[in-house]
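Enquirer: Submitted below is the structure of interest, expressed as structure tokens.
The values are calculated or read from the model by the stated rules, or taken from the named source; none is laboratory data. Quick caveat: nothing in here was measured; it's all calculated off a predicted structure. All Cβ positions, glycine included, derive from the backbone under ideal geometry; neighbour counts span all protein chains shown.
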Amino acid sequence: MQIIDFNPWWKSSEVPGELTGRHRNLLPKLISYLDYRQIILLYGIRRAGKTTLMHQIIDHILTQKKIPHFNILYFSFDLQELSLEQIVEYYEVEILKNEIRSGKPIYLFIDEIQKLDDWANRIKILYDRHPNLKLVLSGSAALPLLKGTKESLAGRFFEFLVKPFSFDEFIAFKGIKIDKERESLYEREIKILFQDFLATGGFIEVLQFNEVALKKYFKESLLERVIFKDIPESFQINRPNLLFRLLNIITRQPGMFLDYKNLGNDLKVDQRTISNYISYLEYSLLINKLYNYSSNQLTSEKKLKRVYPSNTAFINSLSDSSVGQDILLETFYSGLLKARFFFRSPRKEEVDIILDNQHAVLPVEIKIRKKVRASDLKPIFKFMERYNCKKALVISKQNERIEKKDNRQVFILPYWKYWSILNISDFVE
């Protein structure tokens with residue numbers, strides 16, 4: 001693919017509709033940062049929509065900011081190997097007919113920037129030399145990107161995590177309207193939509209796939225691509241098959257406790273290698289790691305850990321049998337609520353998720369069963385007493401009520417009351 005093929009607006013003065021797709025909820029926020037000097041850095045898992053967001057920003061620049069179409073350059077290192085210098089030289093000579101530093105506003109969009117050798121230092125030079133240049137970058141591996149920005153580009157960037165469609169975006173894409181303040185009227189519709197959403201994981205391009213095609217897409221087009229190509233390009237590893245085995249283990253046991261020694265013994269690998277490889281999966285945004293909660297964060301990071309796949313679609317794609325709704329919903333809500341902690345006492349009393357913003361703590365338990373009994377709430381009330389929490393949340397299958405003890409309240413809500421759950425969890429955001 002030639003540079004000119006990446007930039008159809010150079011000929012037509014507009015972005016083709018097939019490149020812009022449906023506007024993402026994140027788009028207005030990104031647009032609000034366009035007038036700042038700093039670089040916009042988008043990072044997220046493959047196929048999450050980073051490239052589409054870039055084209056939506058380009059469309060806004062053309063149509064709303066009225067920037068000349070030759071003043072916008074897009075390039076993807078995922079599809080073509082060139083040096084940054086070659087790209088800039090071609091652009092200045094063949095398209096801009098001037099130097100970038102000429103003073104006019106220029107917008108440079110670069111996809112999969114982590115594939116460029118020494119990318120952070122190269123971008124730093126470009127940024128520092130051209131005050132009129134606005135850079136928008138994207139990448140798929142969190143650690144190489146964020147490490148590069150914090151070391152070489154400190155103070156020069158704003159970062160944004162791009163995820164697949166949220167449940168709200170998924171519903172909007174389906175063209176379905178739901179009154180979020182009257183969820184009970186739409187219980188049946190929400191449950192059906194939830195089932196589809198958990199299977200597709202918010203990856204819109206697979207909506208029409210059957211179960212066989214879904215498994216094939218996520219396994220071969222996404223997960224194997226990340227593990228056998230992207231991760232080895234970002235990290236020095238020589239056993240990608242071990243990465244894939246670890247991901248298989250995690251997707252078959254979402255929420256499993258991490259025991260590097262036992263995993264190493266089972267796989268005949270040193271436990272330090274297991275620890276490193278788990279980190280590579282985390283940095284590549286395929287898994288989420290949770291720490292056993294303590295009011296001292298340093299203590300938490302040294303204690304027991306749990307791990308979930310980062311997306312519910314990965315579970316079914318790597319499993320030989322159907323996975324229970326309780327496991328899928330536990331995985332989904334751990335991701336939705338941006339969980340970083342769980343709790344397990346020395347007596348093995350557990351709470352699935354602990355949300356902590358340093359101002360408030362909210363314990364969250366996921367009980368997808370016919371009835372949530374008072375005895376099921378004992379661990380969460382003990383946690384609330386220990387850490388002086390006033391509120392807690394239990395996500396149930398169908399139960400809805402409030403349990404009180406002393407001055408503490410546990411809100412029990414069915415999983416399909418999605419927006420009500422978010423309203424309760426918002427107080428720690």
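Enquirer: Looking at the range 253-279, which of the residues that are charged (D, E, K, R) and surrounded by fewer than 13 Cβ atoms within 10 Å (Cβ to Cβ) is nearest to the chain's Cα centre (by Cα)?
Expert: Per the stated criteria, the residue is ARG272.
Enquirer: Can you pull out the residues in the range 131-157 that are modelled with pLDDT of 90 or more and in contact with a strand residue (DSSP E or B) (Cβ under 7 Å, 6 or more places away or on another chain)? It would help to see each step written out before you state the result.
Expert: Kept after step one, since they are modelled with pLDDT of 90 or more, are these residues of the range 131-157: 131-138.
Residues satisfying the conditions are ASN132, LEU133, LYS134, LEU135, VAL136, LEU137, SER138.
Enquirer: Limited to the range 14-51, what total is found for residues that are part of a helix (DSSP H, G or I), at pLDDT below 95 and over 27 Å from LYS219 (Cα atoms)?
Expert: 1
Enquirer: Output the residues belonging to the range 174-196 that are in contact with a Phe, Trp or Tyr (Cβ under 8 Å, 6 or more places away or on another chain) and surrounded by 16 or more Cβ atoms within 10 Å (Cβ to Cβ).
Expert: Within the range 174-196, ILE178, GLU183, ILE190, LEU193, PHE194 meet the criteria.
Enquirer: Of all the residues that make up the range 343-387, how many are within 15 Å of TYR293 (Cβ to Cβ), in contact (Cβ under 8 Å) with a residue 24 or more places away in the chain and part of a loop (DSSP other than H, G, I, E, B)?
Expert: 4
Enquirer: So, one more: Please verify whether the range 128-137 includes one or more residues that are surrounded by fewer than 21 Cβ atoms within 10 Å (Cβ to Cβ) and in a helix (DSSP H, G or I).
Expert: yes
Enquirer: Being among the aliphatic types (A, V, I, L, M) and under 26 Å from ALA339 (Cα atoms) narrows it down to one of ILE278, ILE237, so name that one. So that I can check it myself, show each step before the final result.
Expert: Details: ILE237 fails: under 26 Å from ALA339 (Cα atoms).
Checking each option against the conditions leaves just ILE278.
For every residue, the table says whether it meets (1) touching a helix residue (DSSP H, G or I) at 6+ places or on another chain (Cβ under 7 Å); (2) outside the structural domain of LEU193 (by TED's automatic domain parsing); (3) loosely packed, with under 15 Cβ neighbours inside 10 Å; (4) within 28 Å of ARG182 (Cβ to Cβ).
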position	(1), (2), (3), (4)
PHE314	yes, no, no, no
ILE354	no, yes, no, no
ASN407	no, yes, yes, no
TYR415	yes, yes, no, yes
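Enquirer: Right, next: May I ask you to list the residues in the range 80-103 that are farther than 11 Å from HIS130 by Cβ, out of contact with any strand residue (DSSP E or B) (no Cβ under 8 Å at 6 or more places or on another chain) and outside any helix (DSSP H, G or I)?
Expert: GLN80, GLU81, SER83, LYS97, ASN98
Enquirer: Looking at THR273, THR331 in this structure, which one is in contact with a Phe, Trp or Tyr (Cβ under 8 Å, 6 or more places away or on another chain) and β-branched (Val, Ile, Thr)?
Expert: Values: THR273 fails: in contact with a Phe, Trp or Tyr (Cβ under 8 Å, 6 or more places away or on another chain).
Within the list THR273, THR331, the selection yields THR331.
Enquirer: Output the number of residues of the range 2-13 satisfying the condition of being in contact with a strand residue (DSSP E or B) (Cβ under 8 Å, 6 or more places away or on another chain) and assigned to a loop (DSSP other than H, G, I, E, B).
Expert: The number of residues fulfilling the criteria is 1.
Enquirer: Follow-up. Regarding the range 283-300, can at least one residue be identified that is assigned to a helix (DSSP H, G or I) and among the basic types (Lys, Arg)?
Expert: No, the conditions are met nowhere in the range 283-300.
Enquirer: Then there is this: If I ask for residues that are surrounded by 16 or more Cβ atoms within 10 Å (Cβ to Cβ) and at pLDDT below 90, which ones from the range 284-304 would you list?
Expert: Result: SER284, SER294, SER300.
Enquirer: May I pose another question? Among the residues in the range 221-232, are any of a type in the set (Phe, Trp, Tyr), modelled with pLDDT under 95, under 30 Å from LEU116 (Cβ atoms) and surrounded by fewer than 16 Cβ atoms within 10 Å (Cβ to Cβ)?
Expert: The answer is yes, given that some residue of the range 221-232 is of a type in the set (Phe, Trp, Tyr), modelled with pLDDT under 95, under 30 Å from LEU116 (Cβ atoms) and surrounded by fewer than 16 Cβ atoms within 10 Å (Cβ to Cβ).
Enquirer: Here's a follow-up. Enumerate the pairs (first residue in the range 71-88 and more than 22 Å from LEU19 (Cβ to Cβ); second residue anywhere and among the β-branched types (Val, Ile, Thr) and not in a strand (DSSP E or B)) with beta-carbon separation below 8 Å, excluding pairs fewer than 6 apart on the same chain, so at least 6 apart or on different chains.
Expert: LEU84/ILE123; VAL88/ILE100
Enquirer: Among the candidates ARG22, ARG47, single out the residue that is in the same structural domain as ARG156 (by TED's automatic domain parsing), under 27 Å from GLN236 (Cβ atoms) and either touching a residue at least 60 places away in the same chain (Cβ under 8 Å) or of a type in the set (D, E, K, R) (or both).
Expert: Going through ARG22, ARG47 in turn, the sole match is ARG47.
Enquirer: Within the group GLU112, GLU85, which residue is surrounded by fewer than 18 Cβ atoms within 10 Å (Cβ to Cβ) and of a type outside the set (Phe, Trp, Tyr)?
Expert: Only one candidate passes the filter, namely GLU85.
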